[in-house]
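The values are calculated or read from the model by the stated rules, or taken from the named source; none is laboratory data. Just so it is clear, the structure is predicted and the values come from calculations on it, not from any experiment. Glycine gets a Cβ as well: all are built from the backbone with ideal geometry, and neighbour counts include every protein chain shown. These area figures cover heavy atoms from the full protein model, side chains too; ligands, DNA and RNA do not enter into them. Shrake-Rupley method; radii C 1.70, N 1.55, O 1.52, S 1.80 Å.
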Amino acid sequence: MMNYYFLRTRTFVFIIFFLVSNAFLNSGSFAQPVVSFTSFASGLSAPLDIVNAGDGTNRLFILQRNGTIRVHNGTSLLPTPFINIADTILDNGEQGLLSMAFHPDYETNRYFFVYYTDKEGDITLARYQTTLGDPNIADPNSEVVLLEIPKPGTPYFSNHNGGKIIFGSDGYLYVSIGDGGSGNDPFLLSQNGNSFFGKMLRLNVNNFLTPPYYSIPPDNPYVSNPAVLDEIWVLGLRNPWRWSFDRQTNDMWIGDVGQGAREEINFRASGSTGGINYGWRCYEGNNTNLTGGCGPSSNYVFPIFDYPHNGSTGGFSVTGGNVYRGPSYPLLTGYYICADYVSGNLWKIRPNGIGGWNIFQQNGLPGSIVGFGEAENGTLYAASLNGIVYLVEATTSLPVRLVNFNAQPKNESVLLEWQTSYEDQVASFEIEFSFNGIQFEKAGAVLPLNKPNGAQYRFSHFVSSSDKIYYRIKTVDQNGAFEYSKVLLINTGNNRWVRIRPGLVLNNTLAISASIPLGSIQLFTIEGKEVWRKVLGGQMGNLSLSIPKQRAGSYLVYIRSEGRTDIQRIVIQ
C-alpha cells in the first residue's frame, strides 16, 4: 500500500532459489470478505462513539457530540437519553463529548467515565454513576473530574484533542490525547515528556474517594524517569482519535491522524511494554517530517500501515477501528477494519504469515465515518457524523480463488506463474516485488480471462541483481476492491547489486545501496535532459547523496559501475 517507483534494468541473474510458495499460500488465499454497511440507527445528532456496558444486556451506548448519550436496546433507540451533559461540554468541530468507557466492575459499582472538552476548551476526564433504580439513566450530578488539561495557544487551539478511552484487560484505563492542535505541533508537546499532549496515558481509576481519584500503575514505563510524567504509557502521537484493543488477543491498534501527507495505523502486540515513541513530529507515517532535534530513526516505532493523501488509494483523515470478532461473519474474523473519514475508503488488515501484514482496500463506502464500536457479542458498528450508525457486515468474497503461485529462472528474468480455480469480474492481476519484504513496487499487470473454472497465467520479470526478492500478486476487481496473495520469497544467491531505496525521494536526498564499487551517477529528466552528475570514485555500501533541488516529478538515475549501467526511475517530491 506504499507507492514507490523503480525502472528495472536487464541484468543477468543466476537464480538459485529457495521457494516458500506453498508454505505461504493456500487455496483460500483470495477468499476474503467484502465489507458493507447497513443502516442500524438514524436520526442521531453527530454520533462519535459506540460502546457497550459489559453487563450482559448487549445494549449499545451511542455518544453524540452535543453531550447526549443515547441507548439502543437492540430493537430501537430509547426515547430518554442515558445522560445529557450539554451544559458542561463545548460542542464545536473537534470538540464535544468524545468518548466513554464503563468500569470493569460496572455491574456492581455503576461507574462509567467520559472524555470531553469543557466550556473553556480544556480536555476533561470525568467519572459518573448510573442511578440505582434505572440502568438506562445516569445521574448528571454524580460527576467527579479526574483530569482537566488546558489546551495550548493564545487563543487556545481547538483541534487535536484525541478522544478515546478504553479499559484494558489489566483493568487500567487507557486515554489517548492529541498533540494540542494547530499544525506540526508548534510547541513540541508530543515529544515533551512533561506534557500529556501527544500521548497515551494509563491510569488506575479505582480510587473512588479522594482526589485526584486515580493512581499510577506501578509498572507504568516512566515511573522512575523524572523527565516523563508517570501517567504516560507511550509518546509521539499526533491525534490518536480512534483506537482499540483486540477483544480476543488484547493487541493495541491506533489510528493516528496525519498532517498533510500520510495517515497511519500503529500496532502493539499484547504483552508488549509501553515506553515507546511513535515519532511525531519527527515523522509523519513512514515519511520524515520535521527532524530537527530528533534522535535516530531507531528511537521510534513506525506504523504497520500508512496511506497517502488522495481519494483513490488513500484519504485525508484516518478513523481507527476494530478487529472483527463478531458471531455473524466468520470470513471477517481476525481482520482489523479502519476507514478514512473523507474518501470513504476502507481497509482490512491481517497478518501475512511472515511477520508482516496483508492490506486490502475497498472503495465507495459511506463517508464521514468517525468511529467504530462493538456490542458485547462482538458485532461491529460504525458511526457517521451524518447521524447514522451502521451495522458492519461481510457480504461476499473477492470473485477469484488462487490455487497455485510459483517462480523459476528463465535467462535474464524470473518467470512467475499462477493458477486460479474461479474468476468473475476481475479487473487485473498486478505483480509486485520487493527487496526487503516491506516496500513493494509494481512490476507489471496481467489482464484476467475471467473464466468461471479459472485459468493459468505467467509473467516474466526483468530485475536488477539482488540477494533476495519477494513477490506477491495484487488482485483487483471491477469495483476497485483488491487484496494481496501471500508472499513468495526467492533467494537469488547473487551478491552484485545496486539499488536506490526508496524510489520516492524526499528532502533532496538520494539513498543508494550497492555491493560493488560505483563509478558515477547522473540524473536525467524523463525527457532526457541531464540535470546533475557526480563522480563516486569507487564508493560502495550505503550512500546518502544530496542532489540539487528539482521540480517535483519523475526522473531517471544512471549509475555506472564496473562495465555496467543500472537505470532506475525515481519520483522527487
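Restricting attention to segment 343-361, which residues are part of a loop (DSSP other than H, G, I, E, B) and polar (S, T, N, Q)? Those that are part of a loop (DSSP other than H, G, I, E, B) and polar (S, T, N, Q): Ser343, Asn345, Asn352. Is there any pair linking a residue in segment 498-517 that is assigned to a strand (DSSP E or B) and open to solvent by 10 Å² or more (accessible area, probe 1.4 Å) to one that is small (Gly, Ala, Ser) and modelled with pLDDT of 75 or more, with Cβ under 7 Å and at least six apart or on different chains, and which? Final answer for the pair search is Arg499/Ser513; Thr509/Ser544; Thr509/Ser546; Ala511/Ser544; Pro517/Gly538; Pro517/Ser561.
The residue of segment 545-556 that is farthest from Leu518 (Cα to Cα), among those that are modelled with pLDDT of 85 or more and not hydrophobic (A, V, I, L, M, F, W, C), is Arg551.
Name every residue in segment 526-544 that is touching a Phe, Trp or Tyr at 6+ places or on another chain (Cβ under 8 Å) and at pLDDT below 90, in order of residue number. Ile526 - this is the single residue of segment 526-544 that is touching a Phe, Trp or Tyr at 6+ places or on another chain (Cβ under 8 Å) and at pLDDT below 90. Whether a residue is in a loop (DSSP other than H, G, I, E, B), within 23 Å of Trp280 (Cβ to Cβ) and touching a residue at least 60 places away in the same chain (Cβ under 8 Å) was assessed, and Gly181 does not pass this test.
Scanning segment 373-385 for residues that are open to solvent by 10 Å² or more (accessible area, probe 1.4 Å) and outside any loop (DSSP other than H, G, I, E, B) gives Glu374, Tyr381.
For Phe302, the conditions (1) out of contact with any Cys (no Cβ under 6 Å at 6 or more places or on another chain); (2) closer than 26 Å to Val487 by Cα; (3) modelled with pLDDT of 95 or more; (4) open to solvent by less than 50 Å² (accessible area, probe 1.4 Å) are fulfilled apart from (4). All conditions in (1) touching a Ser or Thr at 6+ places or on another chain (Cβ under 6 Å); (2) within 28 Å of Met252 (Cβ to Cβ); (3) of a type outside the set (S, T, N, Q); (4) assigned to a strand (DSSP E or B) hold for Gly162, with the sole exception of (4).
Just to verify a result, which residue in segment 434-493, among those that are touching a Leu at 6+ places or on another chain (Cβ under 8 Å) and part of a loop (DSSP other than H, G, I, E, B), is modelled with the highest pLDDT? Restricting to residues being touching a Leu at 6+ places or on another chain (Cβ under 8 Å) and part of a loop (DSSP other than H, G, I, E, B), the top hit is Ala455.
Looking at Ser297, Ser244, Ser272, can you tell me which residue is open to solvent by less than 50 Å² (accessible area, probe 1.4 Å) and over 17 Å from Ile177 (Cβ atoms)? Give the steps one after another, and end with the answer.
Details: Ser297 fails: open to solvent by less than 50 Å² (accessible area, probe 1.4 Å); Ser244 fails: over 17 Å from Ile177 (Cβ atoms).
So the residue among Ser297, Ser244, Ser272 that is open to solvent by less than 50 Å² (accessible area, probe 1.4 Å) and over 17 Å from Ile177 (Cβ atoms) is Ser272.
A quick yes/no check of all residues on (1) within 29 Å of Ala261 (Cβ to Cβ); (2) of a type in the set (Lys, Arg); (3) assigned to a strand (DSSP E or B); (4) open to solvent by 80 Å² or more (accessible area, probe 1.4 Å):
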position: Gly519; (1), (2), (3), (4): no, no, yes, no
position: Gly528; (1), (2), (3), (4): no, no, no, no
position: Val535; (1), (2), (3), (4): no, no, yes, yes
position: Met540; (1), (2), (3), (4): no, no, yes, yes
position: Leu543; (1), (2), (3), (4): yes, no, yes, no
position: Pro548; (1), (2), (3), (4): yes, no, no, no
position: Leu556; (1), (2), (3), (4): yes, no, yes, no
position: Ile559; (1), (2), (3), (4): yes, no, yes, no
position: Ile567; (1), (2), (3), (4): yes, no, yes, no
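Quick one: what pairs do we get from segment 309-324, first residue farther than 15 Å from Gln362 by Cα and in a strand (DSSP E or B), second among the acidic types (Asp, Glu) and open to solvent by 10 Å² or more (accessible area, probe 1.4 Å), C-beta under 9 Å, 6+ apart or different chains? Note: pairs meeting the criteria are Asn322/Glu374; Val323/Asp251. Do the conditions hold for Val370, that is, is it modelled with pLDDT of 90 or more, open to solvent by 20 Å² or more (accessible area, probe 1.4 Å) and either aliphatic (A, V, I, L, M) or in a strand (DSSP E or B) (or both)? No, not satisfied.
Screening Ser272 with (1) modelled with pLDDT under 95; (2) touching a strand residue (DSSP E or B) at 6+ places or on another chain (Cβ under 6 Å) gives one miss only, at (2). Residue count for segment 167-209 satisfying the condition of being of a type in the set (S, T, N, Q), open to solvent by 30 Å² or more (accessible area, probe 1.4 Å) and either more than 30 Å from Asn52 (Cβ to Cβ) or touching a Pro at 6+ places or on another chain (Cβ under 6 Å) (or both): 6. Considering only residues that are among the aliphatic types (A, V, I, L, M), at pLDDT 95 or above and open to solvent by 20 Å² or more (accessible area, probe 1.4 Å), which ones fall in segment 315-362? Of everything in segment 315-362, just one residue is among the aliphatic types (A, V, I, L, M), at pLDDT 95 or above and open to solvent by 20 Å² or more (accessible area, probe 1.4 Å), namely Val342.
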